[in-house]
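The values are calculated or read from the model by the stated rules, or taken from the named source; none is laboratory data. Keep in mind it's a predicted model, so treat the numbers as computed, not measured. Cβ coordinates were reconstructed from backbone atoms using ideal geometry, including for glycine residues, and neighbour counts include every protein chain displayed.
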Amino acid sequence: MKNIMFIAPPAAGKGTQAELIVEKYHLPHISTGDILREISKEDSEIGEYVRETVASGQLVKDEIIYQLIEQRLKKEDCQNGYIIDGFPRNLEQACEYDKIIERLGYDIGNVILIDIDKATLEQRITGRRICANCNAIYNINDKNNTPKVESVCDQCGGKLYQRSDDNLESFQTRYKTYQEKTEPIIEHYKEKGVLKTVNGNETVENIFKEIEKII
Ligand SMILES: [Zn+2]
């Protein structure tokens, strides 16, 4: 199976699709967040650096990230394909990733863009409600996904709430970063001929079907 990289704006459902792929195809899911959490438990110089940097709220240096990603991708479980998530986030990182892949003798594989318009994302974000009791997720802007009784969970009767970062303001900030930093990666991989696009306005099931056709 080919390697998979996702490119998607915030709240486009990238995490959900990655989970579905992992479940069905048992590919390792490589995320920089997990790698950093793992390494920060280690009693080594690099472990200590990551621990202190993360604790102080600063970003881990790119050179360290590259090194850690290369080490992780080198492992046996990645040799038959993997999903890389949350990396690269900008063009510079993408170029560095390409070099890592080349050094390891891997292919880029499929770079999958979840294409979705901004208005839909805004509706999803502002409409999302979560059950405080069982974590079921609803969306009051999506008629197929509204609770039967307002603010009450269909499954358990729990009270629904809105997550504090599910607001337009924080979405706009994250979206702007995506446009400025991440969108240039799309062009980069389009030129390399590895970019595949799926329609993110579709349901989770239909998006997954499209992805399955690609991979
Ligand atoms: Zn519930």
Under the condition of being in contact (Cβ under 8 Å) with a residue 60 or more places away in the chain and part of a loop (DSSP other than H, G, I, E, B), which residue from the stretch 190-215 is surrounded by the most Cβ atoms within 10 Å (Cβ to Cβ)?
G200
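Is it true that some residue in the stretch 178-197 is modelled with pLDDT under 90, more than 16 Å from the ligand (Cβ to nearest atom) and within 27 Å of I4 (Cβ to Cβ)? If you could, list the steps in order and put the result at the bottom.
Step one: filter the stretch 178-197 for residues modelled with pLDDT under 90, giving none.
So far as the stretch 178-197 goes, no, none of its residues is modelled with pLDDT under 90, more than 16 Å from the ligand (Cβ to nearest atom) and within 27 Å of I4 (Cβ to Cβ).
Looking at E96, E122, E76, E70, which is the one that is away from the ligand (no atom under 16 Å from the Cβ) and out of contact with any helix residue (DSSP H, G or I) (no Cβ under 9 Å at 6 or more places or on another chain)? Walk me through how you get there before you give the answer.
Values: E96 fails: out of contact with any helix residue (DSSP H, G or I) (no Cβ under 9 Å at 6 or more places or on another chain); E122 fails: out of contact with any helix residue (DSSP H, G or I) (no Cβ under 9 Å at 6 or more places or on another chain); E70 fails: out of contact with any helix residue (DSSP H, G or I) (no Cβ under 9 Å at 6 or more places or on another chain).
Selected residue: E76, the only one of E96, E122, E76, E70 that is away from the ligand (no atom under 16 Å from the Cβ) and out of contact with any helix residue (DSSP H, G or I) (no Cβ under 9 Å at 6 or more places or on another chain).
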Selection count where residues are surrounded by fewer than 16 Cβ atoms within 10 Å (Cβ to Cβ), in a loop (DSSP other than H, G, I, E, B) and either within 12 Å of the ligand (Cβ to nearest atom) or basic (K, R) (or both), scope the stretch 150-164:
6
Would you mind finding the one in L121, L113, L68 that is assigned to a helix (DSSP H, G or I), among the aliphatic types (A, V, I, L, M) and within 17 Å of the chain's Cα centre (by Cα)?
L121
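Take N141 and decide whether it is more than 16 Å from the ligand (Cβ to nearest atom), touching a residue at least 60 places away in the same chain (Cβ under 8 Å) and touching a helix residue (DSSP H, G or I) at 6+ places or on another chain (Cβ under 9 Å).
Spelling it out, it is not the case that N141 is more than 16 Å from the ligand (Cβ to nearest atom), touching a residue at least 60 places away in the same chain (Cβ under 8 Å) and touching a helix residue (DSSP H, G or I) at 6+ places or on another chain (Cβ under 9 Å).
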